[in-house]
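What follows is a set of notes on a single structure, which appears directly below.
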Amino acid sequence: MSKKILITGGPGTGKTSLFNSLISDGYVGFKEISREVINSFKKKGVDQLFLTNPLLFSDLLIESRISQFNDSNKNKKENVFFDRGIPDILAYLDFKKIQYDQHYIIACKKHRYDIVFILRPWKDIFVNDNERYESFEESLQIDKYIYNTYKNLKYNIIEIPNMSITKRKDFVINTIKSYV
């Protein structure tokens, strides 16, 4: 079975750029699906589904992320990458102080990643766009929730240093090779 390798972090930390760089080098991965959910609801006239109906948004995400996790079990490659994970949903709900059902926690405990990398907020690369509504200050707060969520779920979190995408990618690949 493939090793499940997660890349997580707050908004605007470079997760997707790093993930896309790994994929362009031939690695297998499952992309972040939040933007797809956001854009599908924008077409229906809902500007930010997470802000208007956070539990519906979270339910759609958890269903998709569990599906990605399960699909990764069919892969024959040694490593499979994920751009965000199931526990990120808890972190965002906690950040917004939204109560949620136990099934979210159960899903996090049932679907565990083998290696978790986190990218921390880095003001020099932070930008807003049509789907990212959070400010850099909010990214700092969300980062704490993400970090604590993974720690509370007993993950060993590997921090990726602030450096170029190429060097970040090399860091990830070298870390995976030495990870036991």
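As an exercise: evaluate Thr8 against (1) closer than 13 Å to Val172 by Cα; (2) under 14 Å from the mean Cα position of the chain (by Cα); (3) surrounded by fewer than 20 Cβ atoms within 10 Å (Cβ to Cβ); (4) among the hydroxyl-bearing types (Ser, Thr, Tyr) and give the number of the one condition it does not meet.
With respect to (1) closer than 13 Å to Val172 by Cα; (2) under 14 Å from the mean Cα position of the chain (by Cα); (3) surrounded by fewer than 20 Cβ atoms within 10 Å (Cβ to Cβ); (4) among the hydroxyl-bearing types (Ser, Thr, Tyr), Thr8 is out only on (3).
For region 131-178: of the residues being in contact with a strand residue (DSSP E or B) (Cβ under 6 Å, 6 or more places away or on another chain) and not in a helix (DSSP H, G or I), which is farthest from Thr16 (Cα to Cα)?
Result: Tyr155.
Any residue at all in region 84-93 that is assigned to a loop (DSSP other than H, G, I, E, B), over 23 Å from Ser21 (Cβ atoms) and either in contact with a strand residue (DSSP E or B) (Cβ under 6 Å, 6 or more places away or on another chain) or at pLDDT 85 or above (or both)?
no
Exactly one of these conditions fails for Phe30: (1) in contact with a helix residue (DSSP H, G or I) (Cβ under 9 Å, 6 or more places away or on another chain); (2) under 25 Å from Glu138 (Cα atoms). Give me its number.
The failed condition is (2).
Do we have Asp25 as within 22 Å of Phe126 (Cβ to Cβ), acidic (Asp, Glu) and surrounded by fewer than 20 Cβ atoms within 10 Å (Cβ to Cβ) here?
Here the answer is no, as Asp25 does not meet what is asked.
Return the pair list, or none, for Cβ contacts closer than 8 Å from residues in region 114-127 that are closer than 10 Å to Gly14 by Cβ and surrounded by 17 or more Cβ atoms within 10 Å (Cβ to Cβ) to residues that are of a type in the set (Lys, Arg) and at pLDDT 80 or above, at least 6 apart or on different chains.
From region 114-127, the pairs are Leu119/Lys15; Leu119/Arg168.
Could you tell me which of the residues Ile105, Ile66 is without any contact (Cβ under 8 Å) to a residue 40 or more places away in the chain and either part of a helix (DSSP H, G or I) or closer than 24 Å to Gln141 by Cα (or both)?
Result: Ile105 is the single residue among Ile105, Ile66 that is without any contact (Cβ under 8 Å) to a residue 40 or more places away in the chain and either part of a helix (DSSP H, G or I) or closer than 24 Å to Gln141 by Cα (or both).
Starting from region 1-27, take each residue that is under 19 Å from Tyr147 (Cα atoms) and at pLDDT 95 or above and list its partners that are among the aromatic types (Phe, Trp, Tyr) and part of a loop (DSSP other than H, G, I, E, B), counting only C-beta distances under 8 angstrom and pairs at least six apart or across chains.
What qualifies is Lys4/Tyr113; Ile5/Tyr113; Leu6/Tyr113.
Name every residue in region 71-83 that is touching a Phe, Trp or Tyr at 6+ places or on another chain (Cβ under 9 Å) and either surrounded by 15 or more Cβ atoms within 10 Å (Cβ to Cβ) or free of Cβ contacts under 8 Å to residues at least 12 places away in the same chain (or both), in order of residue number.
Listed by number, the residues that qualify are Ser72, Asn79, Val80, Phe81, Phe82, Asp83.
Looking at region 40-58, is at least one residue assigned to a loop (DSSP other than H, G, I, E, B), surrounded by 15 or more Cβ atoms within 10 Å (Cβ to Cβ) and not aromatic (Phe, Trp, Tyr)?
Looking through region 40-58, at least one residue is assigned to a loop (DSSP other than H, G, I, E, B), surrounded by 15 or more Cβ atoms within 10 Å (Cβ to Cβ) and not aromatic (Phe, Trp, Tyr).
The values are calculated or read from the model by the stated rules, or taken from the named source; none is laboratory data. For clarity, every value in this text was computed on a predicted model and none was experimentally measured. Here the Cβ is made from the backbone with ideal geometry for all residues, glycine too, and neighbour counts use every protein chain on show.
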